[in-house]
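Colleague: Quick one: the structure is below, questions incoming.
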Amino acid sequence: MTIKSITARHIRYLLAGVLLLAARILPAQQASVFSNGFARVEEGEKSWYIDISGKKAFDRILAMYHPVTTTPADEIGHSLIVPDKETTMMLVTSNGKTGIVNNNGKWVLPAEYDTIEMKWKTYLELRRDGKMAYADTYGKLLLPLQFEDAGILDDQHFDVKTGGKWGIYSTAENKLLIPAVYESFDYCGGCGSKGDYLFAQQNGKWGIIDFHNNILIPFEYEHEHYFMRSDNWIMSLKKNGQDVAINLENKKEYAAPEYTDMTVTSNGALKARKNDKYGLVGEDGRQIADFIYDDITDAYNEQGYGPYLRIMQNGKTGILREDGKVIIPPVYEGDVVAAGEYFIIPVDGNYNLADSTGKKILPKDYTAITLMDKRFETPLFKLKQKALYGFYNPANGKIVEPAFFDIEGTTVTAPGMDLLEVSYQEMYGLYSTSGQQVLPMEYKKVEALVPGLVAVKKETGAGVYDIMHKKMLIPAIYNNVDISEADTNLLRATRKEDYAGVFFNFKGMKVPAPKEKLPPPAAKSRLLEKKVAGSEYPLYGYTDNSGKIIIAPIYDRLLVEKNGRGFLAQRGGEFTVLDAAGKPLSKQAFDDVMLEEAPGYGVTEVQYGFPLLCRTGDVLQYLTAEGTFLPVKITGVVPFNPYGTIE
Amino acid sequence: MRKRYILTGLLLTHISLYAQQQQVVADYLGRFDGQLAPVMINRQKQWLHLSGKVLVDKLENQGYFKTIVAVKHNAYGAVSHAGKIIAPFKYDEINLADEKDDRDSSKNYCFVITRLNGKYGAADTLGNEICPPIYTQVEPATPHVLKMKKDGRWGWIDIKTGKILQEPIYEDAEKSYVRDYTIEIKKAGKAGLAAEDGTIIVPTEYESFNYLSSNNTYFGFTAKGKAGVMDHDGRIVVPASYDKCSMGPGSDLFAVTQNGKTGIVDAHGKTLLPPQYTEASLMGIVMKVNKGGKYGVVNAAGKEIIPAQYSDIKAVNAEGREIYDGPVITAPGSTATPVLAIPLVFLVNNGTATGVFDADGKQLLPFAYNRITPFLRERTVYLEVEQQGRTGLLGLDGKVIIPPAYDGLMSGYNSSYSYLDDLAGENKKNYLAVLKGERLGLFNTATGKEILPAKYNWIQWQNNSVLFLRNGDTTSMADATGKIIREGKQYGFFTAVDTNRIVETKYNDDGTTTSALTDIAGNVLYSSNQWEFKEDRATRLLMPESTRRRNAQFSDGLLKVWGSYSSTRNNLFLDANGKEIVFDGYSFVGDFWNGLALAGKDITPNQTLYGIINRNKEVVYPITADDLTTLGNQILVKQGKLRGLITREGKVLLPVEYSEINDLYGAPFFKVGRNNKYGITDTLGRIILPVEFDDIRYREDNKLFEVTREGKNGIADATGKMIIPAIFDEMETNQGYERNLFPLLVKQGEWYFYLDAQGKSFPYKSKKKKGYDD
């Protein structure tokens, strides 16, 4: 929480900058500039806020915030909080009660609550006369203000306390879905998918009910908010202090001494140990793998995820599919690694690949096999033989035998193919992912130009190679070749002594140099500056975007309101407030105009809203957009929010 | 691959520099960047090792001891820092196994693990094969042995000799964390411990071992789910019959826990205190225990020296700090108990009252204090006590040092009050500032008397006899007994200029200043309104660095009288009796130090020359300089555009004949210049490099000078010896981050080649240096 101190920063005296009426005798009514539709009035010890009609609105601002919306949860249950920066809400008090106003000066929650607090940055907790409710940050009530206590399950469901017991309220049905008969509830709101059941406590023991109050698991357990899930595996209950895993589908309880070391795999199966061996039970309660393995682990490297699990038996490893089918029996020494629908298998200290039937697919073993990053639709495997790399494309079965120090992705593209950059002793070439050499490995540099064309550099110089036509388009005799800035459909080849260069089209034909294109000047409204003979300072006026002069150049300074509300014009020591058409709002000129943020030296744009606090001599008045004055008498300027607010 | 070999002697003129050897002519040579330099030979991009002996195609990895793994002939090999190929370029894979412990070099090792046809071996950095690639796995185990796997079983090998110390028979072998140079072994699922030579220390009969003490004397073990303790030799000292065992108080006792209760047993398994405590935590060599929510202390002998009946207990060591944890022994193998782990006293809370118990559990101070905190002074621990809201200071024996009559004892500085005792001298330790509200007083702990009441916000010893006091805008002075020697005076300015002399400065209404020299009794010995005394105004040129911050003082029996700026009496001093001493013949004489002073003579009304004179007005350094300034510990003489160097005693180090004399960024050298040529001297002005170079750059990290003479580059060492003669047209140092300048890439005539630190060239040369685009 930060306390934002809003003090003198918010009362800048425009230009004239004189501290007003310092010697004037108090009490007198003083007031601030309007901000977010309100201004603060101070009289002696008392202080309150008025709205733009000049009427009292509230006493004090407690906090300011931007309301938020949340994005729908993504597949792993994360959602983002998006603040609505256009809208500012002010938490205010009036006669000891709390409410909320927005920056249009409108009440979104009337000042009738004892407290209003922000919760989890997304909800408002409202309390009145010992009852509470929640509202969204725009002030919309999500449940009636009638419960002793309440918690949030999701936007539609709230656990509510009434008569000392807890029930579930549905916003959609506008009623108690589950009567208030329980001692406590728990629910996993943060689990990836929302559960359709609740943990509930009765007579000190916990059980599980659905949203229709049907008992799914009887009230026989202890519970703490650990290992919460929302699927069929209940891992957060204990029986007589002992860990249990319960399957909600078949209601079966897994517990010591028969079952130990219970965890749920990323595939949603229960992994447990029975008679010192591990097996798997599916979310539907079906036995997936018998209790015959020394271990069952994840089969993927860091970035991988999928339906396969690694099984270990007698020191050998194999692969099991999540439905229980053994894809590769445990016969390999060393870890089998799953990569998409293929498996990297260790063979006598080297590696080969197996497909999803478990069949070995490479004719020989390699010193290393890794899955290349997933930039391409079909997976590619890097093959290593001693210090050299090649690759294998399982889609067409093509093997490019190891002959490179490096194989990497490239920014070079060509129609109908995916490309890889290969290199050896810092000479570079290109291959298609289907295994064809596209550019021989004889260049110092290979860079993308346009699809199908690649800028190459060798000792003789830079040129362009046409991938589709398999030939040099521009011979490698230039200092540099790139896309012409003047015409992106042309290539520009430069020599050291000739920076202007020669131009080629994409077919390799020399063409004349393109003409530089200049965008036409856009019509724009702007300040008009008029030089005055004998004066070093010009006078200012304003032309609209059709070029028509709407303010004649007669002012020493002209400040334009950013949102088109009008102009502040200064001539001599006097200010005139002009409307958007450049016409004076009032006949009267002012000695000073107060702004929230004073314009710096040389600034021509300002931001303000009406009513605007203007000074003439000792008199301060609020000028409305209609050119009238609010019926408020002011003798001095005070800060809008001198106490600071909590954000 | 076609290579051209040329006899250098036939082509080059600098035969004397390097031995005639076969030279490879490269397409280009690049500057060294760490271990390697990029070179192009026969249009093949390669990398030259800094030994100059090995060319590789690609760097794969480099380790702590500058061993590199590289690629050549499309296979992996390894090269030592000395340039020896320790694993030939034939392997499928090579991994570095190394460890560098900055504090304990006995933990260091470095070797490479080789892989060929799916099997693993190892080689050391001298090039010896530790074991051929015949194992399914090889990994480092301890600094002395590597472990290898064969047929699913682990054994280990001596890294130094390659001898198999343990045949592969274990299911697992891991470095043990409970005992140094020990391997935890596993057989039939049970754990044991073996020495590096394979000797069994603990047979494979246990579930696990756990770390107990930092000095390796004992370790924990688990059998059938119960915990026990073994000694360093693997003998069971506490049988496995507890839920948990940890080190107890002292070095040979153990805290054993059963059913949530903790007791103490000794190294013979004998129960000294049966399990009874719900909580037990080490406070250095003793243990704080909790029974029924009340605390007591068990000492290193296993005796409950403070019964468990107090609300809290803190142990304080000889540095006055609270002891929280068990003793930490940092020196390997040390068994001595660190002194900071030994409690000096215990601060015991009984409800809201605090008392003090000694290290044997005897009550020293009754439960009569609201608060007691240790107070360290002059390396002695005292107790700051609070009684009825008043603070005092007691000795550990309970003797009252300062009675509890104050709001606090001063320690450190505060924005509203300061006690400055830097100049208090030997008796400094006898004085302690005391606080009442925000006001300071001074207490003499040797006499047990308050010497100054707490009414000041500034107390400062100006020397060992005079105290300067300030209270708001009123100042006064006291002697070391607290006797006021100058009564409080608003805007008064007193400065002690000696232990028995005070200068009083008065600012007169007409804008002038009157300063007076007085004795302690206040007798005015000298007074003048031409004297503008300021306590920080003094000539410090001749003072050594350590004393330059001192204020204006009598020195050599004289106090310089600084006049107003219009005054002509810049040669005036006072002796201790206030008698004027004038140094006739000099227009300026600065404060004396060590019997010498800066002296000036007006040559013309606009020019003064300076020199150094002694107390007898004799010239020590002639009055010839336009200016004298400090340069390091010496004095730089400026005379017109020329510079010279003298000592603070006036001895000439370098005659006034250089155009510049500068220090070299804090290095112990001066760079001297004359006629756009430069040389180097040491800080005593002795020539290291003669004044004949166009440019000299000092390489602090290497203690070497890069020099240029007549457009040619070379390198000199810190003694001035040219280790690379200045004969090269171009010279580029190694730009790796290891701060080694060598090998150099140099150009002589039309050829580029490399030179090592001995000036020996490598057998590669080229007419082209690697460019940005290559």
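The values are calculated or read from the model by the stated rules, or taken from the named source; none is laboratory data. Keep in mind it's a predicted model, so treat the numbers as computed, not measured. Neighbour counts run over all protein chains shown; Cβ positions are idealised from the backbone, glycine included.
Colleague: I need the full set of residues from the range A:146-166 which are assigned to a loop (DSSP other than H, G, I, E, B) and more than 33 Å from the chain's Cα centre (by Cα), in order please. Walk me through how you get there before you give the answer.
Modeller: Step one: of the range A:146-166, the residues assigned to a loop (DSSP other than H, G, I, E, B) are A:146, A:148, A:153-156, A:163-164.
A:146, A:148, A:163, A:164 - these are the residues of the range A:146-166 that are assigned to a loop (DSSP other than H, G, I, E, B) and more than 33 Å from the chain's Cα centre (by Cα).
Colleague: Scanning the range A:459-471 for residues that are surrounded by 15 or more Cβ atoms within 10 Å (Cβ to Cβ) and within 14 Å of chain B (Cβ to nearest Cβ), which turns out nearest to residue A:391 (Cα to Cα)? Full working, then the answer.
Modeller: We begin by selecting, within the range A:459-471, every residue surrounded by 15 or more Cβ atoms within 10 Å (Cβ to Cβ); these are A:461-467.
Filter once more, so that each one left must be within 14 Å of chain B (Cβ to nearest Cβ): A:461-462.
Working: A:461: 30, A:462: 29 Å.
My answer is A:462.
Colleague: If I filter the range B:536-545 down to residues being closer than 18 Å to residue B:634 by Cα and either aliphatic (A, V, I, L, M) or not in a loop (DSSP other than H, G, I, E, B) (or both), which single residue comes out as nearest to the chain's Cα centre (by Cα)? It would help to see each step written out before you state the result.
Modeller: First, pick out the residues of the range B:536-545 that are closer than 18 Å to residue B:634 by Cα: B:539-545.
Pick out the ones that are also either aliphatic (A, V, I, L, M) or not in a loop (DSSP other than H, G, I, E, B) (or both) and you get B:541-543, B:545.
Working: B:541: 31, B:542: 31, B:543: 28, B:545: 22 Å.
Per the stated criteria, the residue is B:545.
Colleague: Which one is surrounded by the fewest Cβ atoms within 10 Å (Cβ to Cβ), of the residues in the range B:730-774 that are closer than 28 Å to residue A:479 by Cβ and either hydrophobic (A, V, I, L, M, F, W, C) or within 14 Å of chain A (Cβ to nearest Cβ) (or both)?
Modeller: Narrowing the range B:730-774 to residues closer than 28 Å to residue A:479 by Cβ: B:730, B:732, B:735, B:745, B:747, B:750-752, B:766-774.
Now narrow it down to the ones that are either hydrophobic (A, V, I, L, M, F, W, C) or within 14 Å of chain A (Cβ to nearest Cβ) (or both): B:745, B:751, B:768, B:770-774.
Working: B:745: 23, B:751: 19, B:768: 14, B:770: 20, B:771: 8, B:772: 4, B:773: 8, B:774: 15.
That would be B:772.
Colleague: Has the range A:352-367 got any residue that is within 41 Å of the chain's Cα centre (by Cα), free of Cβ contacts under 8 Å to residues at least 60 places away in the same chain, within 14 Å of another protein chain (Cβ to nearest Cβ) and under 30 Å from residue A:412 (Cβ atoms)?
Modeller: Taking the range A:352-367 and keeping what is within 41 Å of the chain's Cα centre (by Cα), we get A:353-356.
So of that shortlist, the ones also free of Cβ contacts under 8 Å to residues at least 60 places away in the same chain come out as A:353-356.
Okay, now just the ones that are also within 14 Å of another protein chain (Cβ to nearest Cβ), so none.
No, there is no match, as no residue in the range A:352-367 is within 41 Å of the chain's Cα centre (by Cα), free of Cβ contacts under 8 Å to residues at least 60 places away in the same chain, within 14 Å of another protein chain (Cβ to nearest Cβ) and under 30 Å from residue A:412 (Cβ atoms).
Colleague: Out of the range A:233-255, which residues are loosely packed, with under 14 Cβ neighbours inside 10 Å and more than 17 Å from residue A:287 (Cβ to Cβ)?
Modeller: A:240, A:241, A:242
Colleague: From the set of residues in the range B:455-511 that are touching a residue at least 12 places away in the same chain (Cβ under 8 Å) and among the acidic types (Asp, Glu), which is farthest from residue B:442 (Cα to Cα)?
Modeller: Checked the range B:455-511; the qualifying residue farthest from residue B:442 (Cα to Cα) is B:504.
Colleague: On the basis of being under 21 Å from residue B:247 (Cα atoms), of a type in the set (S, T, N, Q) and in contact with a His (Cβ under 9 Å, 6 or more places away or on another chain), does residue B:210 make the cut?
Modeller: Numbers: under 21 Å from residue B:247 (Cα atoms): yes; of a type in the set (S, T, N, Q): yes; in contact with a His (Cβ under 9 Å, 6 or more places away or on another chain): no.
It is false that residue B:210 is under 21 Å from residue B:247 (Cα atoms), of a type in the set (S, T, N, Q) and in contact with a His (Cβ under 9 Å, 6 or more places away or on another chain).
Residue-wise test of (1) over 35 Å from the mean Cα position of the chain (by Cα); (2) part of a strand (DSSP E or B); (3) crowded, with 18+ Cβ neighbours inside 10 Å; (4) of a type outside the set (A, V, I, L, M, F, W, C).
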site	(1), (2), (3), (4)
A:570	yes, yes, yes, yes
A:575	yes, yes, yes, no
A:608	no, no, yes, yes
A:615	yes, yes, yes, yes
A:621	yes, yes, yes, yes
A:626	yes, no, no, yes
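Colleague: Within the range A:41-83, which residues are closer than 20 Å to residue A:136 by Cα and either outside any loop (DSSP other than H, G, I, E, B) or of a type in the set (Asp, Glu) (or both)?
Modeller: Hits for the range A:41-83 are A:61, A:62, A:63, A:64, A:65, A:68, A:69, A:70, A:81, A:82, A:83.
Colleague: Residues that are within 36 Å of the chain's Cα centre (by Cα) and modelled with pLDDT of 90 or more: list the strands (runs of 3 or more DSSP E) wholly contained in the range A:167-269 that include at least 1 such residues. Working first, answer last.
Modeller: Numbers: elements: A:175-182, A:184-186, A:197-202, A:205-210, A:215-223, A:237-239, A:242-247, A:253-255, A:260-264.
Here the list reads A:175-182, A:184-186, A:197-202, A:205-210, A:215-223, A:237-239, A:260-264.
Colleague: Another question, if that's okay. Would you kindly identify the strands (runs of 3 or more DSSP E) lying entirely within the range B:546-647 that contain at least 1 residues that are within 44 Å of the chain's Cα centre (by Cα)? Walk me through it before giving the result.
Modeller: Details: elements: B:572-574, B:580-582, B:596-604, B:607-614, B:619-625, B:627-631, B:634-639, B:642-646.
Strands (runs of 3 or more DSSP E) meeting the threshold: B:596-604, B:607-614, B:619-625, B:627-631, B:634-639, B:642-646.
Colleague: Quick one: which residue in A:25, A:100 is modelled with pLDDT of 90 or more and of a type in the set (A, V, I, L, M, F, W, C)?
Modeller: Working: A:25 fails: modelled with pLDDT of 90 or more.
Result of the check over A:25, A:100: A:100.
Colleague: Before we move on, is residue B:675 among the polar types (S, T, N, Q), out of contact with any helix residue (DSSP H, G or I) (no Cβ under 7 Å at 6 or more places or on another chain) and surrounded by 16 or more Cβ atoms within 10 Å (Cβ to Cβ)?
Modeller: Values: among the polar types (S, T, N, Q): yes; out of contact with any helix residue (DSSP H, G or I) (no Cβ under 7 Å at 6 or more places or on another chain): yes; surrounded by 16 or more Cβ atoms within 10 Å (Cβ to Cβ): no.
Taking the combined requirement at face value, the residue does not satisfy it.
Colleague: When residue A:458 is evaluated against the numbered criteria (1) at pLDDT below 95; (2) over 30 Å from residue B:59 (Cβ atoms), which criterion, by number, is the only one it fails?
Modeller: (2)
Colleague: Could you list, in sequence order, the residues of the range A:305-348 that are more than 23 Å from residue A:272 (Cα to Cα) and of a type in the set (Asp, Glu)?
Modeller: Across the range A:305-348, the qualifying residues are A:333, A:341, A:348.
Colleague: Would you mind finding the one in B:655, B:690 that is within 30 Å of residue B:618 (Cβ to Cβ) and in a strand (DSSP E or B)? Walk me through how you get there before you give the answer.
Modeller: Values: B:690 fails: within 30 Å of residue B:618 (Cβ to Cβ).
Only one candidate qualifies: B:655.
Colleague: Against the condition within 14 Å of chain B (Cβ to nearest Cβ) and assigned to a strand (DSSP E or B), how does residue A:402 come out, does it pass? First the steps, then the outcome.
Modeller: Details: within 14 Å of chain B (Cβ to nearest Cβ): yes; assigned to a strand (DSSP E or B): yes.
Considered against the rule, which asks whether it is within 14 Å of chain B (Cβ to nearest Cβ) and assigned to a strand (DSSP E or B), residue A:402 comes out as yes.
Colleague: Out of all the residues in the range B:59-82, which are part of a strand (DSSP E or B) and within 14 Å of another protein chain (Cβ to nearest Cβ)? If you could, list the steps in order and put the result at the bottom.
Modeller: As a first pass, look at the range B:59-82 and keep what is part of a strand (DSSP E or B): B:59-62, B:68-72, B:75-79.
Listed by number, the residues that qualify are B:59, B:60, B:61, B:68, B:69, B:70, B:71, B:72, B:75, B:76, B:77, B:78.
Colleague: Does at least one position in the range A:488-501 carry a residue that is closer than 30 Å to residue A:398 by Cα, more than 37 Å from the chain's Cα centre (by Cα) and surrounded by fewer than 16 Cβ atoms within 10 Å (Cβ to Cβ)? I'd like the intermediate steps shown before the answer.
Modeller: Taking the range A:488-501 and keeping what is closer than 30 Å to residue A:398 by Cα, we get none.
Within the range A:488-501, none of the residues are closer than 30 Å to residue A:398 by Cα, more than 37 Å from the chain's Cα centre (by Cα) and surrounded by fewer than 16 Cβ atoms within 10 Å (Cβ to Cβ).
Colleague: Additional query: Do any strands (runs of 3 or more DSSP E) lying entirely in the range B:88-205 carry at least 3 residues that are away from chain A (no Cβ under 14 Å), and which ones are they?
Modeller: B:93-99, B:109-116, B:119-124, B:129-135, B:145-150, B:153-158, B:164-170, B:172-175, B:182-187, B:190-195
Colleague: Considering only the range A:308-325, I want to know if a residue exists there that is away from chain B (no Cβ under 14 Å), in a strand (DSSP E or B) and surrounded by fewer than 17 Cβ atoms within 10 Å (Cβ to Cβ). I'd like the intermediate steps shown before the answer.
Modeller: First, pick out the residues of the range A:308-325 that are away from chain B (no Cβ under 14 Å): A:308-311, A:318-325.
Then drop every residue that is not in a strand (DSSP E or B), which leaves A:308-311, A:318-321.
Imposing the further condition that a residue be surrounded by fewer than 17 Cβ atoms within 10 Å (Cβ to Cβ) reduces the set to none.
Within the range A:308-325, none of the residues are away from chain B (no Cβ under 14 Å), in a strand (DSSP E or B) and surrounded by fewer than 17 Cβ atoms within 10 Å (Cβ to Cβ).
Colleague: Continuing with this model, one more query. Using the structure shown, decide if residue A:507 is exposed (fewer than 15 other Cβ atoms within 10 Å of the Cβ), more than 14 Å from chain B (Cβ to nearest Cβ) and in contact with a Leu (Cβ under 9 Å, 6 or more places away or on another chain). Reasoning before the result, please.
Modeller: Working: exposed (fewer than 15 other Cβ atoms within 10 Å of the Cβ): yes; more than 14 Å from chain B (Cβ to nearest Cβ): yes; in contact with a Leu (Cβ under 9 Å, 6 or more places away or on another chain): yes.
So residue A:507 fits the description; yes.
Colleague: Here's a follow-up. For the range B:744-774, enumerate the residues that are part of a loop (DSSP other than H, G, I, E, B) and under 15 Å from residue B:24 (Cβ atoms). Can you show your working first?
Modeller: Start the filter on the range B:744-774 by keeping residues that are part of a loop (DSSP other than H, G, I, E, B), which leaves B:749-750, B:756-760, B:767-768, B:770-774.
Across the range B:744-774, the qualifying residues are B:767, B:768.
Colleague: Any idea how many residues of the range A:375-399 are more than 14 Å from every other protein chain (Cβ to nearest Cβ), of a type in the set (Gly, Ala, Ser) and assigned to a strand (DSSP E or B)? Break it down stepwise before answering.
Modeller: Filtering the range A:375-399 for residues more than 14 Å from every other protein chain (Cβ to nearest Cβ) gives A:375-382, A:391-399.
Pick out the ones that are also of a type in the set (Gly, Ala, Ser) and you get A:395, A:397.
The next check asks that each one be assigned to a strand (DSSP E or B); those that pass are none.
Residues meeting the conditions: 0.
Colleague: Within the range B:37-58, how many residues are away from every other protein chain (no Cβ under 11 Å) and under 17 Å from residue B:87 (Cβ atoms)?
Modeller: Of the residues in the range B:37-58, 5 are away from every other protein chain (no Cβ under 11 Å) and under 17 Å from residue B:87 (Cβ atoms).
Colleague: Within the range A:363-372, does at least one residue satisfy the condition of being within 25 Å of residue B:76 (Cβ to Cβ), in contact with a Gly (Cβ under 6 Å, 6 or more places away or on another chain) and in a loop (DSSP other than H, G, I, E, B)?
Modeller: Among the residues of the range A:363-372, not one is within 25 Å of residue B:76 (Cβ to Cβ), in contact with a Gly (Cβ under 6 Å, 6 or more places away or on another chain) and in a loop (DSSP other than H, G, I, E, B), which makes the answer no.
Colleague: So, one more: Return the total of residues in the range A:430-448 being at positive phi and within 14 Å of chain B (Cβ to nearest Cβ).
Modeller: First, the residues of the range A:430-448 that are at positive phi: A:435.
Now restrict to residues that are within 14 Å of chain B (Cβ to nearest Cβ): none.
Going through the range A:430-448 one residue at a time, the tally reaches 0.
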